[in-house]
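Presented below is the structure to which this report refers.
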Amino acid sequence: MIGHNHRMALRLDTQIQFLKGVGPKLGDLFSRKGLKTLGDLFEFYPRAYEDQRAARNISSLRPDDIVSIKATVVAVHSVNMGRSARKMYDVLVRDASGQIHCKYFRVPYKGYFERFKPFTEVRVVGKVTEYRGRLEFHHPDIKDVEPDEETQDALIPLYTEIEGLATAKIMKLVRSAFAQIEEWPEEAFPKWMREKYNLIPRKDALKDIHFPDPNKAKEYSEFKTAAQKRIIFDEFFWLELYLASKKAGFQKEGAPQIRNSGEKMRALLQSLPFEMTGAQKRVFTEIKADLEKGHPMHRMVQGDVGSGKTLVSFMAAIYAAESGYQSCLMAPTEILAEQHFKNARKVLEPLGIRLGLLVGKSKASERKALLAALAAGEIDLIIGTHALIEDEVQFSNLGLVIIDEQHRFGVEQRGVLKNKGNSPHFLVMTATPIPRTLAMTVYGDLDVSIIDEMPAGRSPIQTRATFESKRPQALQFMLEQIQKGRQAYIVYPLVEESEKIDLKDAVSEYEKLKELYPQLKIGLLHGKMKPDEKDQVMDQFRKNEIQVLVSTTVIEVGVDVPNANIMIIEHAERFGLSQLHQLRGRVGRGEYKSFCILIMGYAVSEEGKARTEMMEKTSDGFKIAEFDLEMRGPGEFMGTKQSGLSGFKLANLVRDMAILQEAREAAFEVLRKDPKLSYVENQGLKAELLREHGPAALAGIA
């Protein structure tokens, strides 16, 4: 241990506790927050900046102003935000000239709001927003007014407080670290890259971010300074270089070269009762080109509900079978696996493709026979759930793995399937439209194909959002559609915290509707029913023996009834946007004009209203996904397990898309010029890649 009386040369990897004025106790506090070294401290970026020259009073505020105001807390209260246990917090503040609400849809950190007691004097820094004719702040920075507060003309960095360690104290420590540091590492980026993308040195960028130029207040607040650009570029670049090296690794592996005359595929196309869309043909051409190469395909097919992804995947399986290779299709639920199997029997069995279905409930004797046939090469395409990754499932010659709804499966499951064949080709499908920014980061190692065209005959769906008070009119409209021979869905939310209550809702509403409309044939479907009961109800609905299906979100995937043209979603504010979009995709599948009515409860959050308004505006899944990403942020949009998304300290996928594209382009260019990172100018990149992602990151470029 180095005592404090020994002076040491400070570097980025020096422990924070050895910084003058810190010591072990404070060092431990930083360490618990993940800040161990001076490098970590410099990457603890200000969350905002306070321009003290923009100090104003409340009555002088204008929309879009970025300001600093001194005010007194009047009250703090929270409102439940519909679905889940999330709350919206509202801090009301006032000064001599008026009052303003400060709203938070996410809690900055635990205990943040407990500090704001009535009559406390605070400083509020943020952007003024006009909402429904009223000015308010959304997610401003609020801090206690310090007795010795600096009041000169300055741009003050504001840091996230660390357990009572005020922003002023953190600022002093950062200044002290910059003054004492003696050794800065060499630039990792080669000179051509810094020049091409106009990147200032990293050392200068760090300094500018912590000691901002007061003349650039607006640029800092909009994340447009050269310093911020450099750091954002860095954060994106290391992820993209890792993904590019992974992709390079795939391209070195050998894989089955699947190439044949395509006779069975042509037979399939002739047997279809409809013409494939141009987008389907284009995407299959991309897949076929991948299968014919000697290295494994890793391709994601994105397409809205009903755009025809499954048919394209079946075509790939036929093409593989014709060359003697087996395929497997893994779906996230038994309902979806069974639906795919039914479709495959209709479309593929007549062509002589041998099929199998493996789900959790398969009988032991059937399962044994199925696995023996699979191992002997007597099955061309096996469809199933995650039961497919079990050890006992062995293939004779696996050439193609198809994964449906990719985001529900982890990388490990892909790895298990990969080991069941000799570097098989991978095709992953998703009906959850993923904004381009996310696809480039989360799935940057995959080639992406988009089916952006709907089959002919899909009618647009008219969507209307309304409140509970208008429910009788919505039911009357549904009745009129049923009298014309159509069918309807009425969907209830299934909320995790109170599953049983919500199930009772669906059940009790089913009973009420039967009393209200004794002349109608009404069915009930929910997740607690046995699989054969569900199948029976769905079969009756398909045959129009049930006119109104009261359901929970069980119908979100794999249900196709062209005669059903109206959907009423109760408590629509309790569903996520992508879920509403998936549900709506169950109607509009036939020739009839289709309708989706979103009924909201009385206690609806602003966020809930914004979601339903978006559903009214567009049926474009990609636009809906972009909006959803802006509302929720990437971690929540993708599920927090997705690696790489939590590592951004300054970068923002929505705001910084242009920088992300540059960083991606740079990463792929580096590996194109120097596939093994062996040039002298790239040694810094190689070392940093190893530090960021471990030895596995270099596997693709070794």
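The values are calculated or read from the model by the stated rules, or taken from the named source; none is laboratory data. From a predicted model like this one, the values you see are computed outputs, not experimental measurements. Glycine gets a Cβ as well: all are built from the backbone with ideal geometry, and neighbour counts include every protein chain shown. To get the accessible areas, we keep the full protein, side chains included, count just its heavy atoms, and leave off ligands, DNA and RNA. Shrake-Rupley method; radii C 1.70, N 1.55, O 1.52, S 1.80 Å.
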Seminar exercise, completed: Residue-ordered couplings for segment 375-384, obtained by feeding phi - 60° into the Karplus form 6.51 cos²θ - 1.76 cosθ + 1.60 and rounding to whole Hz (Gly and Pro as x), are 5, 8, x, 8, 10, 8, 9, 10, 10, x
Seminar exercise, completed: Residues meeting the amide H criterion for residue 428 (H placed from the backbone, H to H distance under 5 Å, 5 or more places apart or on another chain) are 299, 300, 301, 403
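Could you tell me whether segment 360-452 comes out rounded, prolate or oblate from its Cα gyration tensor? Rule is a ≥ b ≥ c as square roots of the eigenvalues, rounded for a/c under 1.5, then prolate if a/b exceeds b/c, otherwise oblate.
Because a/c hits 1.5 or more and a/b exceeds b/c, segment 360-452 counts as prolate.
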For this session: Mind ranking 549-555, 225-231, 664-670 by how tightly packed they are, going by the mean number of other C-beta atoms within 10 angstrom, highest first?
Result: 549-555, 225-231, 664-670
Problem set entry | Packing-based ranking, highest mean first, of 431-439, 22-30, 41-49 given that Cβ atoms within 10 Å are counted | 431-439, 41-49, 22-30
Exercise. What FRET efficiency comes out for the pair residue 593/residue 266, r = Cβ-Cβ distance, R0 = 45 Å, nearest 0.05?
Worked result: 0.80
Seminar exercise, completed: Taking placed amide H atoms and a strict 5 Å upper bound, the residues 5 or more places from residue 138 or on another chain that come that close are 103, 127, 129
Problem set entry | Per residue accessible area in Å² of segment 119-212, where ligands, DNA and RNA are left out and the probe is 1.4 Å | 51
Problem set entry | Potential extension, residue 169-residue 691 segment - 0.36 nm per residue separation minus Cα distance | 184.9 nm
For this session: Starting from the Cα coordinates of the chain, work out the convex hull volume and express it per residue in Å³.
Result: 190
For this session: Tally up the carbon and sulfur contribution to the accessible surface of the chain as a whole percent, 1.4 Å probe, everything protein left in place.
Result: 51
Problem set entry | C-alpha long axis of helix 621-632 to longest principal axis of the chain, angle in ° | 40
Exercise. In degrees from 0 to 90, rounded to the nearest 10, what is the angle of the helix 683-693 Cα long axis to the longest principal axis of the chain?
Worked result: 70
Problem set entry | lysines with Cα under 21 Å of residue 484, excluding same-chain neighbours fewer than 8 positions away | 514, 521, 543, 593
Exercise. If 238, 184 are ordered by their accessible area, calculated over protein heavy atoms with a 1.4 Å probe, which sequence runs from highest to lowest?
Worked result: 184, 238
Seminar exercise, completed: Relative to the chain, whose Cα atoms define the longest principal axis, helix 606-617 and its Cα axis are tilted in degrees, nearest 10, by 50
For this session: Normalising by the residue count of segment 261-398, find the relative contact order in percent from Cα pairs under 8 Å and 6+ residues apart.
Result: 26
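How do 189, 274 stack up against each other in accessible area, from largest to smallest, with a 1.4 angstrom probe?
Reading off the accessible areas and sorting them downward yields 274, 189.
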For this session: Please give the per residue accessible area of segment 329-376, computed with a probe of 1.4 Å over protein heavy atoms only, in Å².
Result: 48
Exercise. What's the center-to-center distance, using Cα atoms, between segment 615-630 and segment 380-407 in Å?
Worked result: 32
Seminar exercise, completed: Asserting the computed 222 nm helical MRE of the chain (DSSP H runs at least 4 long, -39500 (n - 2.57) per run, divided by residue count, to nearest 500) equals -11500 deg cm²/dmol
Exercise. Once the whole set of protein chains is in place, how much accessible area is left on residue 171, using a 1.4 Å probe, in Å² to the nearest 10?
Worked result: 10
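How would you order 301-313, 356-368 from highest to lowest mean count of nearby Cβ atoms within 10 Å?
301-313, 356-368
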Problem set entry | 5 angstrom amide H check on residue 567, placed H, neighbours 5+ away | 489, 595, 596, 597
Exercise. Over what distance in Å are the Cα centres of segment 285-346 and segment 437-493 separated?
Worked result: 25
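What does the C-alpha gyration tensor say about the overall shape of segment 167-299? Classify as rounded when a/c is under 1.5, otherwise prolate if a/b is larger than b/c, or oblate.
Working: a/c = 4.42, a/b = 2.68, b/c = 1.65.
Judged from the Cα gyration tensor, segment 167-299 comes out prolate (a/c at least 1.5, a/b above b/c).
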Exercise. Name the GluC sites (Glu not before Pro) in segment 529-578 that are in a loop by DSSP and that have at most 14 other C-beta atoms within 10 Å, would you?
Worked result: 545
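Is the C-alpha gyration tensor of segment 267-356 telling us rounded, prolate or oblate? Criteria: a/c under 1.5 is rounded; beyond that, a/b larger than b/c is prolate, otherwise oblate.
rounded
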Exercise. Size of segment 209-263 along its principal axes in angstrom, Cα-based, largest extent first?
Worked result: 69, 24, 10
